[in-house]
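Readers should treat all values here as calculations from the given coordinates under stated rules, not as data from a laboratory. Worth saying up front: this structure is predicted, and the values here are computed from it rather than measured. Note that we place each Cβ from the backbone using ideal geometry, even for glycine, and neighbour counts take in every protein chain shown.
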Amino acid sequence: MATAGGGSWGGCGARPRGCGCKGVRTCLLCEREPGGGVPGVLPPQKTAHFIYCLETGLAVGMEESEFAGWAFPFPGVALIKDFVSAEEEAELVRLMDQDDWKLSQSGRRKQDYGPRVNFRKQKLKPGSFDGLPSFSREIVQRMGTYPILETFLPVEQCNLDYHPERGSAIDPHLDDSWLWGERLVSLNLLSPTVLSMSRDSGERLQLLSVAQQGTRNSVLNDTKPGDPEDAQSTWRSVPCDHVEVAVPLPARSLLVLFGAARYQWKHAIHRRHIESHRICATFRELSAEFCPGGKQGELGQELLEIALSFQGKPV
């Protein structure tokens with residue numbers, strides 16, 4: 001049985017497992033082992049479900065829920081549909097499969113192209129990193145044709161392989177911000193899925209009442225908090241840590257997270273949203289500390305030169 005948070009269970013201790021899971025994280029493979037799959041303490045379940053609307057930039061309450069007809073601005077998400085063609089997708093997957101996939105947590109497999117990093121001690125070195133893979137050269141060049149990615153120079157690529165037979169998932173998390181910069185860019189291949197976003201905050205989110213055909217401008221500009229006329233029916237709030245925002249990801253789409261969606265909202269892929277084989281290639285840029293003028297700008301330049309040689313194999 002899958003957890004709503006993507007397959008994290010307790011009770012397995014430190015016994016060896018025939019998959020990549022460690023600690024409390026599990027997948028269907030280790031849950032089926034003798035003594036596996038013992039539920040631990042489940043995280044609090046979200047009760048306020050919203051879906052991201054690409055056209056308006058709003059998180060809109062799910063239909064047939066108590067939040068239907070309510071919304072709030074959800075900045076920091078850009079989605080480019082059909083970033084690659086079906087033929088390019090098939091070729092990318094074929095080339096990825098020529099290299100070995102390593103077992104990873106929660107039923108995933110992975111391929112890493114990047115420097116050797118100790119995030120806890122904030123130390124890194126090139127190690128055996130010899131660049132992004134050759135098949136990513138055209139992908140990176142194409143990214144630069146979009147205004148939001150004109151200055152995007154990836155220094156790391158992580159390919160993750162998800163499959164429903166393994167119960168693949170990834171728990172809610174924030175990507176590191178010491179090494180990785182403003183934009184997280186992910187290419188979704190083979191099947192559609194849903195990115196689930198949540199925020200651990202004691203604040204309350206102000207919701208706006210939206211007409212069925214409303215637009216972002218009408219919602220944000222026509223009504224203001226404190227308007228005396230019908231204020232009670234126009235505004236309401238919800239605890240931030242009760243909210244989950246679903247961002248639909250079509251196959252072959254490119255997702256960019258930045259700003260609040262990058263630094264304040266955790267992202268996850270729940271097990272229930274992996275309905276068929278999926279591969280995600282995530283690209284990361286350097287933080288300001290490793291850019292020209294930064295404290296470690298010279299090291300950052302060295303890593304960029306290695307990355308953009310496009311001669312790499314998984315490390």
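Considering only Thr193, Thr151, Gln98, the residue lying farthest towards the positive end of the dipole of the stretch 71-202 is Thr151, judged by Cα position with unit charges set on Cβ. Annotation: amide H-H contacts under 5 Å for Leu249 (H modelled 1.01 Å from N, sequence separation of 5 or more, or interchain): Thr193, Val194, Leu195. Along the stretch 121-133 the Karplus relation, 6.51 cos²θ - 1.76 cosθ + 1.60 evaluated at θ = phi - 60°, assigns HN-Hα couplings of 8, 6, 10, 8, 8, x, x, 8, 5, 10, x, 5, x Hz to successive residues, with x for each Gly and Pro.
Subtracting the Cα-Cα distance of Gln264 and Ser209 from 0.36 nm times their residue separation leaves 17.4 nm of extension gain.
Please give the FRET efficiency for Ala86 paired with Glu150, using the beta carbon to beta carbon distance and R0 = 30 Å, rounded to the nearest 0.05. Here the calculated transfer efficiency is 0.65. Computed from point charges on the beta carbon alone (+1 for Lys and Arg, -1 for Asp and Glu), the dipole magnitude for the stretch 102-159 about its Cα centre is near 460 Debye. Pairs from the list Lys81/Lys121; Lys102/Lys266; Lys22/Lys123 with a Cα-Cα gap above 29 Å: Lys81/Lys121. Relative to its residue count, the stretch 248-297 spans a Cα convex hull of 122 Å³ per residue. In the calculated pair distance distribution of the stretch 232-315, what percentage of Cα-Cα distances lie above 19 Å? Within the stretch 232-315, distances greater than 19 Å cover 64 percent of Cα pairs.
Working ranking of peptides 123-133, 259-269 by packing, defined as the average number of other Cβ atoms within 10 Å per residue, highest first, is 259-269, 123-133. Taking label points 7 Å from Cα along the Cα-to-Cβ direction, Arg272 and Leu103 give a separation of 2.8 nm.
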